[in-house]
Amino acid sequence: MLKAVILIGGPQKGTRFRPLSFEVPKPLFPVAGVPMIQHHIEACAQVPGMQEILLIGFYQPDEPLTRFLEAAQQEFNLPVRYLQEFAPLGTGGGLYHFRDQILAGGPEAFFVLNADVCSDFPLSAMLDAYRHQPHPFLLLGTTANRTQSLNYGCIVENPQTHEVLHYVEKPSTFVSDIINCGIYLFSPEALKPLRDVFQRNQQDGQLEDSSGLWPGAGTIRLEQDVFSALAGQGQIYVYLTDGIWSQIKSAGSALYASRLYLGQYQLTHPERLAKHTPGGPRIRGTRPAPPNLCPPPQPPVPSEPLPTSDSEVKTQSLPSLNQIWFRVFAPRSSLLLLGNVYIHPTAKVAPSAVLGPNVSIGEGVTVGEGVRLRESIVLHGATLQEHTCVLHTIVGWGSTVGRWARVEGTPNDPNPNDPRAHMDSESLFKDGKLLPAITILGCRVRIPAEVLILNSIVLPHKELSRSFTNQIIL
């Protein structure tokens, strides 16, 4: 019997995710078409022997969270419960506080997953490694370059046994290129060190507060209080993965995570990707599109006839760039998709729109004629009017982008030439200036026709009247 615990934090966390977290708790923000933590729950539900999934945090159990939990239980046929902390208790305090619920039924082990990570979640492989060599703590690790490793928990391992010999959270100098992914597998014995930390905190608090009611006793940081203290004592081991992984700390990292998950859907959920159907969306393959979909001054006629069936597309060699230009702008009766695209079944997308790569369109969205949409997330109820261009942007719930407007951001993607590079948790400002980043439109923002919104953040319920560049519109 197994259980899983997902740590979802609370409202005072995730401030870098604003203004998107104003409308919905960050763990429920849609990434690649589904709430962020649904990816976690799906991965846990696929592990044989999983009996229960617990969410621990200090969000109020409001209607969106309650509705999500009910839907998750029905979809995965598993108990999915939310346990609310009485106060922020850190990454380990909630585990200790709710230890009785976690250990109820006598689980063999339990997974612990941070909600703000994107991963392919190799949970079954971690379980196999744990059963081969049981220990209280098994951490999922991956590699990072020397510079970026300073932003994560760094792990020094024994390369033969994979025991964690040394652990430092966000060191000031280089320690190791192995970093903590925030995904763990704990045995029931792992709660004993948490008890020791709690008792030590309680004693320290009583020295300062004679009432004995010091509230900080329950706050336990897994990384600093447990992992750092127990490293090198034969209790903590690491399982290395080379699969996809990224943190989701900011809106820009959510857009990057959406790209990773959409690519993963090719293997895990191909039914979620838009496909060619008669009279519906037509996929032109996943080959890269030209950087700007504007026709050359004199587009040449292709040297060979256009394919008329899927079989012909598969048997022909890659077309020339001129042929791609011609096919993109030739009259067509179905939607053109470039790369991985998610479209909610209730969305209305005009056949002349060009979508992709890496686009997620939410429930009830309207995409007008001639729209160009790339590397973006369009949330519930938004409207993109005719001939708008939206690039590297998150369009908020119920927002409207006017005709012929251009909304564009600047991606802060990992270095594509460094396989160990990860998404930086970028700061909004440097030297008092707003750094170029993706554009974010908050809830119910109205963008007028024929304007440019570039590298800007628009807070909810704003109606703009002109163009903006590199600004936060309050």
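The values are calculated or read from the model by the stated rules, or taken from the named source; none is laboratory data. Computed from a prediction, not measured in an experiment: that's the story for all the values here. Cβ coordinates were reconstructed from backbone atoms using ideal geometry, including for glycine residues, and neighbour counts include every protein chain displayed. Only protein heavy atoms, including side chains, enter the accessible area calculation; ligands, DNA and RNA are left aside. Shrake-Rupley method; radii C 1.70, N 1.55, O 1.52, S 1.80 Å.
How far apart, in nanometres, would the label points at residue 449 and residue 369 be if each is projected 7 angstrom from Cα along the Cα-to-Cβ direction?
About 1.3 nm, to one decimal.
Cα centroids of region 159-185 and region 377-410: how far apart, whole angstrom?
Here the answer is 41 Å between Cα centres.
What is the calculated FRET efficiency for residue 195 to residue 1, with r their C-beta to C-beta distance and R₀ = 22 Å, to the nearest 0.05?
For residue 195 and residue 1, the calculated efficiency is 0.50.
Residue 233 to residue 469: FRET efficiency via 1/(1 + (r/R0)^6), r the Cβ-Cβ distance, R0 56 Å, to the nearest 0.05?
0.55
For a protection proxy built on the mean count of beta-carbon atoms within 10 angstrom, sort 143-149, 198-204, 236-242 highest first, please. The partial results should precede the final answer.
Details: 143-149: 16.6, 198-204: 14.4, 236-242: 20.0.
Taking the mean over residues of other Cβ atoms within 10 Å, the ranking is 236-242, 143-149, 198-204.
With a/c under 1.5 counting as rounded, go ahead and sort region 228-278 into rounded, prolate or oblate using the C-alpha gyration tensor (a ≥ b ≥ c being the square roots of the eigenvalues; past the cut-off, prolate if a/b is larger than b/c, else oblate). Don't skip to the answer; put the middle values down first.
Details: a/c = 5.61, a/b = 2.28, b/c = 2.46.
Because a/c hits 1.5 or more and a/b fails to exceed b/c, region 228-278 counts as oblate.
Quick one: of the DSSP bridges fully inside region 137-275, what percent are antiparallel, nearest 5?
On the way: 14 of 19 bridges.
Expressed as a percentage, antiparallel bridges in region 137-275 total about 75.
Among 102-112, 57-67, how do they line up by average Cβ neighbours within 10 Å per residue, starting with the highest?
102-112, 57-67
State, to one decimal in nm, how far the label point of residue 120 lies from the label point of residue 47, with both points 7 Å from Cα in the Cβ direction.
Going by the 7 Å Cα→Cβ label model, 1.8 nm.
Suppose we keep just the DSSP beta bridges with both residues in region 347-465; what percent of those would be antiparallel, to 5?
On the way: 2 of 32 bridges.
Bridges in region 347-465 are about 5 percent antiparallel.
Measure up 170/249; 275/348; 249/433; 3/192; 26/275 against 24 Å on the Cα-Cα distance and list the ones that go over.
Distance filter (> 24 Å) returns 26/275.
Please work out the average accessible area per residue across region 217-270, using the 1.4 Å probe convention, and give it in Å².
Each residue of region 217-270 exposes 35 Å² on average to a 1.4 Å probe.
Using a Förster radius of 25 Å, what is the FRET efficiency between residue 434 and residue 169 based on their Cβ-Cβ separation? Nearest 0.05, please.
Plugging the Cβ-Cβ distance into 1/(1 + (r/R0)^6) gives 0.30.
Give the shape of region 119-249 as rounded, prolate or oblate, defined through the alpha-carbon gyration tensor: a ≥ b ≥ c are the square roots of its eigenvalues, a/c under 1.5 means rounded, and otherwise the shape is prolate if a/b is larger than b/c and oblate if not.
prolate
Treating only the Cβ atoms of Lys and Arg (+1) and Asp and Glu (-1) as charged, compute the dipole magnitude of region 1-158 about its Cα centre; round to the nearest 20 debye.
Roughly 400 debye for region 1-158.
Name the long-range amide H neighbours of residue 399: under 5 Å, sequence gap of 5 or more, or other chain; modelled H, no Pro or chain starts.
382, 383, 444, 445
Highest mean first, what order results for 391-402, 157-168 on Cβ atoms within 10 Å?
The densest-packed peptide leads the list: 391-402, 157-168.
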